[in-house]
Amino acid sequence: MTITIGILASGNGSNFQAIAQAITDRKLDAKIGCLIYDKEHAYVKERAKHFHIPSYFVDVKQYPSKEDFEKAIVEHLQEQNVQLVVLAGYMKVLGKTVLHAFPQKIINIHPSLLPLFKGKSGIKDAFEAKVHQTGVTVHLVDEGIDTGLILAQKTVSIDEDDTLETLTEKIHAAEHELYPAVIQNCIDGRYYAIRID
Ligand code: GRF
């Protein structure tokens, strides 16, 4: 049976696009139930329109507390019967309300080989550290920042002639390949840590 995923994003949405395209191309057997975004002008909403995927802007400013904000997110996800929550450039730290509503069912992609270079500027930090290799990581989401159980990683070399821009492009290309494949593995039950009912 095709499972339904819900995507949370804040910005450009190239990973959203890669996932939606993989579904269209039948490389990923899933349905995107909805996109939830928390920045009004995030380009990801245009991408959702293109794929005819329902999207909801949930604005933290409209809620008295983080808990209420997250309750609104959970309501949308549950309304669409989402079974797996996929963070794709979602820039807020998830709180207990969402985590408890989807235990062991939330994944994130991070642009470094975790546990190295956690945080908001993983690509730049690796570039400035002059390491020869960095990469991308898909992990389960827990209450920490980029700390959950690692499900899969893909390495990316940093070559002599790479600039931050070329490295960023290489990282995004790696993400777009890895994320749909990992989601399919989650669906197929290849990660014991993930539970999809
Ligand atoms: C990606 O680099 C992802 O690893 C990080 O945020 C970025 C989102 O990019 N978590 P996009 O919005 O999917 O283009």
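The values are calculated or read from the model by the stated rules, or taken from the named source; none is laboratory data. Model, not experiment: these values are computed from the prediction. Cβ atoms come from the backbone with ideal geometry, glycine included; neighbour counts cover every protein chain shown. Please note that ligands, DNA and RNA were not included when accessible areas were found on the heavy atoms of the full protein model with its side chains. Shrake-Rupley method; radii C 1.70, N 1.55, O 1.52, S 1.80 Å.
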Q. Counting Lys and Arg as +1 and Asp and Glu as -1, what is the net charge of the other residues whose Cβ lies under 12 Å from the Cβ of Ala193?
A. +2
**Q.** Mean-position separation - Cα centroids, the range 12-85 and the range 132-188, in angstrom
**A.** 20 Å
Q) Under the classification rounded if a/c is under 1.5, otherwise prolate if a/b is larger than b/c and oblate if not, where does the range 27-118 fall, given a ≥ b ≥ c as square roots of the Cα gyration tensor eigenvalues? A) rounded
Q.
If you average 1/r across every pair of different Cα atoms in the range 85-133 and take the reciprocal, what Kirkwood value do you get, in Å?
A. 12.4 Å
Q: Could you order His172, His76, His132 so the one with the most accessible surface comes first? Probe is 1.4 Å.
A: His132, His172, His76
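What are the equivalent ellipsoid semi-axes of the chain, built from the alpha-carbon gyration tensor (square roots of five times its eigenvalues), in whole angstrom, biggest first? Don't jump to the answer; show the numbers that get you there.
Details: eigenvalues 136, 69, 58 Å².
Calculated on Cα positions only, the semi-axes equal 26, 19, 17 Å.
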**Q.** Surface accessible to a 1.4 Å probe, per residue, for the residues of the range 81-197, Å²
**A.** 50 Å²
**Q.** Cβ crowding within 10 Å averaged over residues, with 176-182, 133-139, 148-154 ranked highest first
**A.** 133-139, 176-182, 148-154
Q. Across the Cα atoms of the range 119-197, what radius of gyration and what greatest pairwise Cα-Cα distance (Dmax) are found, in Å?
A. 14.1, 47
Q: Might you work out the accessible area of Lys45 for me, using a 1.4 Å probe with all protein chains in place, and round it to the nearest 10 Å²?
A: 50 Å²
Q. In vacuo Debye scattering of the range 1-79, one point per C-alpha: log10 I(q)/I(0) at q = 0.26 Å⁻¹?
A. -1.24
Q. Summing -39500 (n - 2.57) over the DSSP H runs of n ≥ 4 in the chain and dividing by its residue number, what mean residue ellipticity at 222 nm do you reach, to the nearest 500 deg cm²/dmol?
A. -10500 deg cm²/dmol
Q.
Suppose we look only past 16 Å in the calculated P(r) of the range 6-49. What percent of the Cα-Cα pairs does that tail hold?
A. 30 percent
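Greater than 20 Å separation of Cα atoms is the criterion. Which listed pairs, Lys39/Lys71; Lys45/Lys118; Lys31/Lys105; Lys61/Lys120; Lys124/Lys170, meet it?
Lys45/Lys118; Lys61/Lys120
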Q: Tally up the carbon and sulfur contribution to the accessible surface of the chain as a whole percent, 1.4 Å probe, everything protein left in place.
A: 51 percent
